[in-house]
Amino acid sequence: MRSQPARLAEADLVAALERGWDIPATAVSYFAVGAGSHHWRVEDRHHQTWFVTVDDLDGRRSGPRESRADVFDRLVAALATAHALKADGADYVVAPIAERTGGVLHRLGDEWALAVYPMIDGETFRGGQALPVADRLAVVDVIARLHTASLPTPLHARSDDYQLQNRADLEAAIADPDGHADAGPYSRPLAGLLAEHRQLIVDMLAEYDDLAGAARAHNDRTVLTHGEPHAGNSVRTPSGWMLVDWDTALLAAPERDMWLLEPGDGLASAAYAAATGVEVLPDRLALFRLRWDLADLGVDLARLCAPHANNADDARSWDGISHVLTRRRSGDAVPRAAWR
């Protein structure tokens, strides 16, 4: 996230690190990077450096009826999977460090969830950044290793249910574009944008339901997936490529990862098939590309339909909504998160 959370006191963060991980923080600096989570760089009095992530449990809801406790449990299931993979020897996993009670996620007050990671020495990139084909195929190799790895025991990961994140928010927004006209500075421009693209969004939802229905009927290709292996979550280290941000790990079809690595040239699909013996299915790629766009719309609409100001994250949400609708209207189905 670009904006530091105003409701979270730095002193509370420092106290939680001491309480949960016995990390005596002496220097804390906010990283205005990524989307969905807040990040800090923390140095302790032993001169160790940590990468700290805090999630707003309200902001990570999949819909208006999901409770904070349910969001927390969902994040724990994903991060515990990453921790177990790392413990089993998966050297490509950047996993959370267990706190002294053994948990991988710490409840900070009622609305926050805190995780601690080692600081990785490597080259980082932006989501959607165009990198050489060789780099993209190197990450395909990592994904092939993940998809063919033995499942960790106990298995914490949940299964993909093909539910669409924030669908209720998306449907409510297009049903009544003027319903949040006074929520903030983006409200009225957003109402006009939604009215203009209402039929496009309705058609996208109908297409998603058709594709998801077909996937549910042939749900026999399940593997453990990362969920978001785009360039922004890939780190090139001296010992090889690693993946960060495992908070969306699920048991799912392989295309849940592969669509992000297959922009349409066929190279990633061919490399994956050669490594795993599993064919990448075009209709499944289309399903997950479409779900990414619809989920982005739902998350960004939920933000801008709620009371908002005009900070960097609000601007990012407005840009995201505009970009998805403009691109989809032009017939471009590949989201900017994919490796171009």
Open item on the list: Checking the structure you have, find out if any residue of segment 15-23 is in contact with a helix residue (DSSP H, G or I) (Cβ under 6 Å, 6 or more places away or on another chain) and not assigned by TED's automatic domain parsing to the domain that holds D300.
Closed with: yes
Open item on the list: Name the single residue that is nearest to P118 (Cα to Cα) among those in segment 55-65 being crowded, with 17+ Cβ neighbours inside 10 Å and out of contact with any helix residue (DSSP H, G or I) (no Cβ under 7 Å at 6 or more places or on another chain).
Closed with: D56
Open item on the list: Report every pair of residues separated by at least 6 positions or lying on different chains whose Cβ atoms are under 7 Å apart, first residue within segment 14-41 and part of a strand (DSSP E or B), second among the charged types (D, E, K, R).
Closed with: A25/D44; T26/E43; T26/D44; T26/R45; A27/E43; V28/E10; S29/R41; F31/R41
Task: Within segment 113-150, tally of residues that are of a type in the set (A, V, I, L, M) and either free of Cβ contacts under 8 Å to residues at least 40 places away in the same chain or farther than 18 Å from A78 by Cβ (or both) - done: 11
- [ ] Report yes if some residue within segment 192-210 is in a loop (DSSP other than H, G, I, E, B) and on the phi < 0 side of the Ramachandran plot; otherwise report no.
- [x] yes
TODO: Mind listing just one residue for me: the one in segment 93-129 that is among the β-branched types (V, I, T) and in contact with a helix residue (DSSP H, G or I) (Cβ under 9 Å, 6 or more places away or on another chain) and, of those, farthest from V334 (Cα to Cα)?
DONE: T101
Task: Residue that is surrounded by fewer than 21 Cβ atoms within 10 Å (Cβ to Cβ) and within 29 Å of D293 (Cα to Cα), where the choices are L108, L131, L114, L151 - done: L131
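The values are calculated or read from the model by the stated rules, or taken from the named source; none is laboratory data. Fair warning: this is a prediction, and the values are worked out from it, not measured in the lab. Every residue, glycine as well, gets a Cβ built from its backbone with ideal geometry; the counts of neighbours run over all protein chains shown.
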